[in-house]
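S.K.: Quick one: the structure is below, questions incoming.
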Amino acid sequence: MSNNHEELARRLLDQPSSQWPKELAPLRVEMRSMPPALRAKLDAMNQSTSQGKPVTSISLVRRRSFRIAAASFGTAIAASVLVYFAFIRQGEVPPVNIVTAEGEVLRNGTAVKSGDKLREGETLKVGNEGLAVLSGEDKGDEDKLRVQGGSELALESLQTGVLEFRMKVGRLLALVPKKKERGSREFWISTPTTVASVRGTVFSVETDVASTKLSTYEGAVEFRRRWEALEDLSPILIAKSEVLSGTLKVFQKASANVESGMESNVSDADFKERLSKIEPLSGILSGPDFVRLRKKKKLTEAETEGALKALDQAFSTNEARSEILKRVDAAFGEAPAVVTMTPEEMKARRESFEALSPAERQAKYDELRKKPMDRETFKREATRLMGKAPQEVILKNGETLYGTIFGDNGRYRVYTATEMRIVSPEEVEEILFE
């Protein structure tokens with residue numbers, strides 16, 4: 001197996017457990033739970049790679065009864081995973097395309113322009129007056145994100161099976177086609193306290209220090225709380241701890257189905273209040289020893305043993321482990337509340353995300369002017385492309401303009417069938433609204 005394929009397998013294994021295929025879950029839990037075909041392949045690889053020498057990259061450690069037996073995923077098991085799931089392929093997943101970059105748009109602190117790429121692990125920061133439109137490029141994927149000014153997000157995971165953005169702050173609108181139209185890839189938007197799993201929809205996410213709000217306009221979104229201190233740890237470490245794996249299951253099960261016309265809001269204050277109810281676990285995972293382990297794809301044996309030892313000391317008996325898991329379930333076992341938006345709220349909120357930027361507006365107008373049109377055709381096409389019907393603008397000099405009107409720093413931009421005119425309010429006698 002090539003180094004590229006081995007690395008690809010390791011990247012799959014290092015993904016957050018919420019993103020693993022269900023069939024793969026037993027690999028994290030117990031070696032003996034592997035499908036027979038996979039175990040046979042692994043045994044064969046162990047024999048062929050060891051060549052009479054001890055295979056040190058695979059070890060099965062039996063810990064106390066409450067700690068789950070697990071494997072150190074070395075080269076052979078990585079190869080087996082690839083074979084079993086037919087995951088071997090050539091090349092890398094194409095990066096995300098930055099379709100539009102207006103105003104200040106920075107990638108890892110460096111300015112970008114429309115047409116640049118965003119790769120796994122990179123962060124995009126959009127200035128207060130900026131806009132970024134992102135599009136997936138995997139097998140005809142038409143996933144699009146409209147990232148508004150004042151936003152910061154990272155491309156957390158870019159794989160054949162999953163596309164995940166981690167949003168730190170800001171506002172975005174996601175337009176995600178149905179799964180059958182975009183292949184098998186999952187689409188995720190996560191924040192420090194929530195994760196949205198998408199099945200084909202149009203929705204928005206707004207997050208700041210106070211809360212995260214999800215609003216769905218088409219389709220449905222699976223929305224749940226997400227505990228960053230836990231879910232950014234290595235899946236292998238989580239699998240080795242009964243307390244961590246049990247806690248993660250509670251978070252994963254408590255998901256809400258947010259359908260079209262509905263919204264859900266997870267407040268930061270409420271989340272912290274729930275965390276206070278699961279001490280000492282929340283205190284341990286927020287401590288420096290565990291903070292250092294977050295987002296580390298590979299842990300040393302010392303790091304793993306140190307983390308497990310800290311958990312063992314805090315929950316040394318079956319009663320202690322059972323009690324903390326009951327408290328986790330009481331605090332986080334309930335899905336986020338879902339409420340219905342009024343049609344007016346839904347329309348206004350979606351329009352606030354879809355409002356055209358000056359560059360987008362100009363591009364659509366350039367498309368509109370490619371062929372001559374009569375008044376009715378212009379009205380229909382301008383409304384479709386620019387989102388607003390044309391109006392008559394009567395100027396004080398007697399001239400009449402018929403076009404779509406947008407405000408621009410105290411002036412009017414009027415897009416007519418033949419030209420774009422900028423006029424001041426002082427020049428306008430009247431605007432006739434149909």
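S.K.: Past the 28 Å Cα-Cα mark, which pairs from Lys253/Lys297; Lys178/Lys240; Lys178/Lys326; Lys213/Lys249?
M.R.: Lys178/Lys240; Lys178/Lys326
S.K.: Roughly what would the spin-label model give for Ser424 and Ser114, points 7 Å off Cα along C-beta, in nm?
M.R.: Spacing of the two 7 Å Cα→Cβ label points: 3.0 nm.
S.K.: Grab the Cα-Cα distance for Ser135 and Glu334, subtract it from 0.36 nm times how many residues apart they are, and report the gain in nm with one decimal.
M.R.: Length gained, Ser135 through Glu334: 68.3 nm.
S.K.: Starting from the 7 Å offset along Cα-to-Cβ, what nm value, one decimal, do you get for the label separation of Lys371 and Arg294?
M.R.: A separation of 5.5 nm, rounded to one decimal place.
S.K.: Structure shown: which of Lys144/Lys364; Lys272/Lys309; Lys364/Lys388; Lys113/Lys370 lie over 20 Å apart, alpha-carbon to alpha-carbon?
M.R.: Among Lys144/Lys364; Lys272/Lys309; Lys364/Lys388; Lys113/Lys370, the Cα-Cα distance tops 20 Å for Lys272/Lys309; Lys113/Lys370.
S.K.: With a 10 Å Cβ neighbour count serving as the proxy for reagent exposure, in which order, fewest first, do Met420, Met167 appear?
M.R.: Met420, Met167
S.K.: Right, here's the next one. Could you give the nm distance between label points at Asn257 and Lys347, where each point is 7 Å from its Cα heading toward the beta carbon?
M.R.: The two pseudo-label positions are separated by 2.8 nm.
S.K.: Need one word for the stretch 356-432: rounded, prolate or oblate. Basis is the Cα gyration tensor (sqrt eigenvalues a ≥ b ≥ c); a/c below 1.5 gives rounded, then a/b vs b/c decides.
M.R.: Verdict is oblate for the stretch 356-432.
S.K.: Quick one: check the C-alpha center-to-center distance for the stretch 236-271 versus the stretch 360-434, whole angstrom.
M.R.: Between the Cα centres of the stretch 236-271 and the stretch 360-434 lies a distance of 49 Å.
S.K.: What is the sum of charges, Lys and Arg at +1 and Asp and Glu at -1, for the other residues whose Cβ falls under 10 Å from the Cβ of Val202?
M.R.: 0
S.K.: Here's something else I'd like to know. Which FRET efficiency, nearest 0.05, do Glu303 and Arg199 yield, Cβ-Cβ r, R0 30 Å?
M.R.: That gives a FRET efficiency of 0.25.
S.K.: Only sites in a loop by DSSP and with at most 12 other Cβ atoms within 10 Å count here; which trypsin sites (Lys or Arg not before Pro) in the stretch 393-423 make the cut?
M.R.: Lys396
S.K.: Let me ask you something else. Identify the trypsin sites (Lys or Arg not before Pro) of the stretch 294-362 meeting these criteria: DSSP loop state and at most 14 other C-beta atoms within 10 Å of the C-beta. Present the calculation step by step, with values, prior to reporting the outcome.
M.R.: Numbers: sites: Arg294, Lys295, Lys296, Lys297, Lys298, Lys309, Arg321, Lys326, Arg327, Lys347, Arg349, Arg350, Arg361; in loops: Arg294, Lys295, Lys296, Lys297, Lys298.
Qualifying residues, ordered by number: Arg294, Lys295, Lys296, Lys297, Lys298.
S.K.: Quick check on the exposure proxy: order Trp188, Trp227 from fewest to most C-beta atoms within 10 angstrom.
M.R.: Least to most surrounded, the residues fall as Trp188, Trp227.
S.K.: By the scheme Lys and Arg +1, Asp and Glu -1, what is the net charge of all other residues having a beta-carbon under 15 Å from that of Glu323? Walk me through the numbers before you get to the answer.
M.R.: Working: positive: Lys277, Arg321, Lys326, Arg327; negative: Glu242, Glu279, Glu319, Asp329.
It works out to a net charge of 0.
S.K.: Let me ask another. Write out the chymotrypsin sites (Phe, Trp or Tyr not before Pro) in the stretch 390-434 meeting two conditions: DSSP loop, and at most 12 other Cβ atoms within 10 Å of their Cβ.
M.R.: Phe433
S.K.: In whole Å, how far is the Cα centre of the stretch 318-355 from that of the stretch 193-219?
M.R.: Answer, in whole Å: 10.
S.K.: Going by C-beta contacts inside 10 Å, put Glu381, Glu426 in order with the fewest on the left.
M.R.: Final ranking by Cβ density, sparse to dense: Glu426, Glu381.
S.K.: Right, next: Pop the C-beta distance of Asp270 and Arg384 into the FRET formula with R0 = 51 Å and round what comes out to the nearest 0.05.
M.R.: Efficiency computed from Cβ-Cβ geometry: 0.75.
Taken together, the values in this text are just the output of simple stated rules run on the coordinates, not laboratory data. Note that this is a predicted model, so its numbers are computed, not measured. Note: ideal-geometry Cβ built from the backbone for every residue, glycine included; neighbour counts use all protein chains shown.
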